[in-house]
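Novice: Below is one structure. I have some questions about it.
Just so it is clear, none of the values below were taken in a lab; they were calculated from the coordinates. The structure presented is a predicted model; accordingly, all values stated were derived computationally and were not measured. Cβ coordinates were reconstructed from backbone atoms using ideal geometry, including for glycine residues, and neighbour counts include every protein chain displayed.
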């Protein structure tokens, strides 16, 4: 099962449960206070997911690994290219 299918399945189950409880499709007879609590639940979950996403991106950005070997190799290639261009008459 792909990750997309897992997310769609999870969202479908959550959405179906939310709709079933909110619109009393199963006849459980939830009190009015419970239904009032359920109505904004998708918005709360969306905000929670946004906060989680921002925290994850911030953490990954803070712990981003540098590749010193690749950086040095790139600097050497830039220096070599500049020397080649200087030899061909370009000025920097």
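Novice: Any idea what angle helix 41-62 forms with the longest principal axis of the chain, computed on alpha-carbon atoms, 0 to 90 degrees, nearest 10?
Specialist: Computed tilt is about 20 degrees.
Novice: Eigenvalues of the Cα gyration tensor times 5, then square-rooted: what semi-axes does that give for region 40-92, in whole angstrom, largest first?
Specialist: Details: eigenvalues 474, 38, 6 Å².
Value: 49, 14, 6 Å, ordered largest first.
Novice: I'd like the orientation of helix 68-87 relative to the chain: the angle between its Cα long axis and the longest Cα principal axis, in ° from 0 to 90, rounded to 10.
Specialist: For helix 68-87, the angle is close to 40 degrees.
Novice: If I model a spin label at residue 14 and residue 47 as a point 7 Å from the Cα along the Cα→Cβ vector, what separation in nanometres do I get?
Specialist: Rounded to a tenth, the inter-label distance reads 1.5 nm.
Novice: Just to verify a number: FRET efficiency for residue 4 and residue 62, C-beta to C-beta distance, R0 = 30 Å, to 0.05?
Specialist: According to the calculation, E is roughly 0.60.
Novice: Give the share of C-alpha pairs in each 5 angstrom bin for the chain, from 0 to the last occupied bin, in whole percents, shortest bins first.
Specialist: Reading upward from the zero bin: 2, 10, 10, 11, 10, 9, 7, 6, 6, 6, 5, 5, 5, 3, 3, 2, 1, 0.
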